[in-house]
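First the structure, in the form of structure tokens, and then the observations on it.
Every number here is computed from the coordinates shown, using simple stated rules; none is lab data. Computed from a predicted model, the values in this text were never measured in an experiment. Glycine also receives a Cβ, built like all others from the backbone with ideal geometry; neighbour counts cover every protein chain displayed.
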Amino acid sequence: MISLSLTKMHACKLCGRMFRVVLRSNRALLSRFNGVLDSTGRNTSVRSCSSTAYPSSDSVNESGTKQKKTSINPEEVKKFNALASKWWDTKGELKGLHSMNRLRVPMIRDTLVKHHSISKKSRPLEGLRILDVGCGGGILSVPLAKLGAQVTGLDASEEAVKAATAHMARDPSLKDTLTFTHGTVEDLVASEVRDYYDALVASEVIEHVDALDDFVGSSCDLVKPGGSLFFTTINRTTQSYYLAVIAAEYIVGVVPRGTHNWNKFVKPEELKDELKANNCHPRLIHGMFYNPFLNRWNWTGSTEMNYALHAIKEPEL
Amino acid sequence: MSALFCRTTVRAFIRSTDVVPGTRRLAVRPLSSVGEPQQSTESAPPPPEDTWEDVPQDFYDIIVSGGGMVGAAMALALGSDPVLLGRRILMLDGGPRRVLTQVPDRFSSRVCSLTPGTVQLLQDIGAWDHIKNMRVRPYKRMQVWDACSDAMITFDRDELNEDIAHIVENDVILSGLMQQLDGMQGLVDVMFDTKVKGYKLPSKVADGEDSPWARVILEDGRVLDTRLLIGADGPKSLLRQTANIRQLSWSYSQAGVVATLKLSEPTVNNVAWQRFLPTGPIAMLPLSETHSNLVWSTTSEDAETLLQMQPEEFVEAVNSAFWQDYKREAAVDSAVQTVQSILSTISPGGTSARQLPPSVSDVDADSRAMFPLGLGHATQYVKHRMAIIGDAAHRVHPMAGQGVNLGFGDVSCLKQVVSDAEATGEDIGSVDRLLEFETKRQQAVIPMMAAIEGLHRLYSSDNPALVLLRSVGLQFTNAIKPLKNEIMGFASK
Ligand SMILES: Cc1cc2nc3c(=O)[nH]c(=O)nc-3n(C[C@H](O)[C@H](O)[C@H](O)COP(=O)(O)OP(=O)(O)OC[C@H]3O[C@@H](n4cnc5c(N)ncnc54)[C@H](O)[C@@H]3O)c2cc1C
Ligand SMILES: C[S@@+](CC[C@H](N)C(=O)[O-])C[C@H]1O[C@@H](n2cnc3c(N)ncnc32)[C@H](O)[C@@H]1O
């Protein structure tokens, strides 16, 4: 088997900081991505909520209704497939996501506690259903489940879902509150899930998706009226552009420059507009600042780099 | 250095009555020069291979191993935290449940001086009321003076209106903690007479490990797994050894003698007295209007002699240790007088009048005991999925009475770190989080140990230069209120 190894600058997300992702892409992985079932027959409890192949563009199914575009960007998902073993290394490439928990978990917890007038201090999110879209290895899903919420982690990368499932299986306290599923928001909508979750979280995900409008549309469909949506992502600004370019040339000096990813970064106004178009009202937007030397996140007034956004779906009258 | 002297686990003591005259009764390490650091040579006992494979019988979120004063307070602090409600918490101890059904008429000679910080913690975890209802003795003033000069220092709070610390018998503290634990059924599981045979600890990167949890193997063969293992298993901590955490230890060729003293006549008895003799500090701590506790640190030979004396002889020795004049240097005396007159000009009223301790008429039978003095400090307090607290992490010279207060300080700090981690859904056993506890506590413990060590060296001498230094130091410290408050605050951390 030919195994080609390419080093790629992974600009953006994860932490708003550039870092290298070594992509070890081999045929098995590619073919798996293209929809060939895992032939090893390994027993994983990964549920798949759709068939394995995703349509690559608009397509018309047998009954003639127009399907939504897929939100999957194959290049992006491939990167995350290759990261499988890295998710739970708190000092590794994804440490920025681990340290971001110190900011985003309290934000989600406190917003929900206030919104649902919760008074209990232990497992405060008990009874709430949360969908963690683009959950990766479950870095954010696990703490939310530990806080008592019924969490479903959803990800387009099968390898990420396997890593998340394997990690979760070790902890007896999670087996009743946490499940991981391979798929996308549009798959869930297609399987008739609607108005179901008390909250949806998509943290460091939207800068990796295609067809943002449909992605946000499906996300909004999945949330109950009056429910919450939380996003964290990176802004498309000159600052983030320079960081992308400089980091790409300095640190890696190889072809795929951060600029490619930079084009996928999302401005707060764009996200807000998509939400409003789907009856969801942005409530709060907060800048986030990452210090790579301390591996620490802080809230900041400026949304020029990373930001977090909370929106509420229009309650039923 | 406010609160003094707390003494310790019953087992650590050798009672005078247990001793066959003429035999060597004490494991006082015959030691080289005072304070020479010695790497202890403890090493982990090899794990009993056959048991490691065992399947765990139970899983706990937190196991506190060791139910002495510090372990019991830890279990209570965790069990009464609303954030941790519903978490499974276990405290286990190799000994029996030690609870007093009634307070004995006689005072135990093992007592602790509890600082306001400790009393606050005991209130927060609900044990203080039990303790207070048994027997405690607050005191309002502490006087420390030098046998080799007229220098002295007094500590008090708010012109004697507030207590600076409480003297409480160890049995009473432990009993109060046990009584409170009794009411925590469903919140904290408790196992007595349950000795730990060994521990197994996971390495940091959990995925791919045999077991990601810390494992406790009991002597009866049971195996328990836990997310966070807290070792409160005392100065010889098996957990510390198993984790391969090195311990720096010092041994002074000194010993502590304790006893319950009867006073010649009843007094208000609300002052703690400590006098620095060339052989070490002697202290008298109030227990009631008629009784005080003695803590006398001295050479091992003197301690042996004190233990064997007839009661009248012993009483005589105690009285003269507090009253007797020691060798004085004219130069030191005149320096002290000069400083005194300067101080009273620049800070009139800043130095309070010297008082004299009550005289002693008798010693309670069987109350005399002695123990070796030493100091030990673990180089690390945490590893992945484990932390050590109390004497397992640090043991200090009893002179400062900080032993148990430092342990209770660990309890408050670790509880907060665990609670904060739980409140954000984090892994409470993750070393990343536990390191916060280590950093915070070492910032409090290390300066304290250094200060105690420094004082010990400074005072175990009648070298005129050192006497001058400490005398003038005491005088200045005594005259300067902010500095004194600083010292008192420091001692209650
Ligand atoms: C000789 C000596 C003198 C001291 N003098 C003073 C003083 O004057 N002033 C002062 O403030 N402090 C003093 N201290 C310290 C003070 O006694 C301690 O700080 C205090 O007892 C709290 O200790 P701890 O709870 O951490 O440990 P300990 O009281 O030692 O408790 C440890 C507990 O762990 C249990 N345990 C140990 N191993 C196992 C096992 N394998 N399985 C199950 N259970 C186990 C034991 O049964 C015990 O109950 C002294 C200590 C010593 C040793
Ligand atoms: C940077 S990771 C974030 C992981 C996780 N949310 C966290 O913060 O720890 C982005 C994740 O989004 C997933 N992803 C990308 N496109 C997706 C899509 N269209 N639908 C679902 N998941 C997607 C990737 O597979 C990857 O695991």
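When the dipole is taken about the Cα centre of region A:74-313, and only Lys, Arg (+1) and Asp, Glu (-1) are charged at their Cβ, what size is it in debye, to the nearest 20?
Value, rounded to 20: 1100 debye.
Quick one: which residues, 5+ away or cross-chain, put their amide H under 5 Å from the amide H of B:ASP362? H built at 1.01 Å from N.
Amide H neighbours of B:ASP362, under 5 Å, 5+ apart: B:LYS262.
So what's the net charge close to B:GLN180: Lys and Arg +1, Asp and Glu -1, counting the other residues with Cβ under 12 Å from its Cβ? Intermediate results must be reported in sequence, preceding the final value.
Working: positive: none; negative: B:ASP124, B:ASP129, B:ASP182.
Net of charged neighbours comes to -3.
Return the whole-Å distance between the Cα centroid of region A:93-112 and the Cα centroid of region A:256-317.
Spelled out, the Cα-based centre of one part sits 14 Å from the other.
Among residues other than B:ALA321 whose Cβ falls under 11 Å from its Cβ, what is the net charge (Lys/Arg +1, Asp/Glu -1)?
Around B:ALA321, the surrounding residues sum to -1.
Please average, across the residues of B:420-432, the number of beta carbons from any other chain that are within 10 Å of each residue's own beta carbon, and give a whole number.
Taking the mean over all residues of the peptide, I get 5.
Report the net charge of residues surrounding B:LEU92, where surrounding means a beta-carbon distance below 9 angstrom and charges are Lys +1, Arg +1, Asp -1, Glu -1.
After counting each charged neighbour, the total is -1.
Using the structure shown, select from A:LYS95/A:LYS146; A:LYS120/B:LYS440; A:LYS114/A:LYS313 the pairs with a Cα to Cα distance greater than 23 angstrom. Walk me through the numbers before you get to the answer.
On the way: A:LYS95/A:LYS146 20 Å; A:LYS120/B:LYS440 29 Å; A:LYS114/A:LYS313 16 Å.
Beyond 23 Å: A:LYS120/B:LYS440.
If you average the sequence gap of Cα pairs under 8 Å that are 6 or more apart and divide by the length of region A:74-313, what percent do you get for the contact order?
Over region A:74-313, the number comes to 17 percent.
Using the Cα centre as the reference, give the magnitude of the dipole from point charges on the C-beta atoms of region B:180-297 (Lys, Arg: +1; Asp, Glu: -1; all else neutral), rounded to the nearest 20 debye. If you can, show how the numbers build up before the last one.
On the way: 12 positive and 12 negative charges, 100 e Å.
Dipole magnitude for region B:180-297 comes out near 480 debye.
How would you rank B:VAL431, A:VAL161, going from fewest to most other Cβ atoms within 10 Å of each one's own Cβ?
B:VAL431, A:VAL161
Please arrange A:CYS220, B:CYS148 by how many other C-beta atoms lie within 10 Å of their C-beta, fewest to most.
Sorted ascending by nearby Cβ count, the order is A:CYS220, B:CYS148.
Filter A:LYS86/B:LYS415; A:LYS86/B:LYS200; B:LYS197/B:LYS415; B:LYS236/B:LYS383 down to the pairs with a C-alpha to C-alpha distance above 22 Å, please.
A:LYS86/B:LYS415; A:LYS86/B:LYS200; B:LYS197/B:LYS415
What order do you get for A:ILE206, B:ILE173 when you list them from fewest to most C-beta neighbours inside 10 Å? Intermediate results must be reported in sequence, preceding the final value.
Working: A:ILE206 26, B:ILE173 30.
So the residues, fewest neighbours to most, are A:ILE206, B:ILE173.
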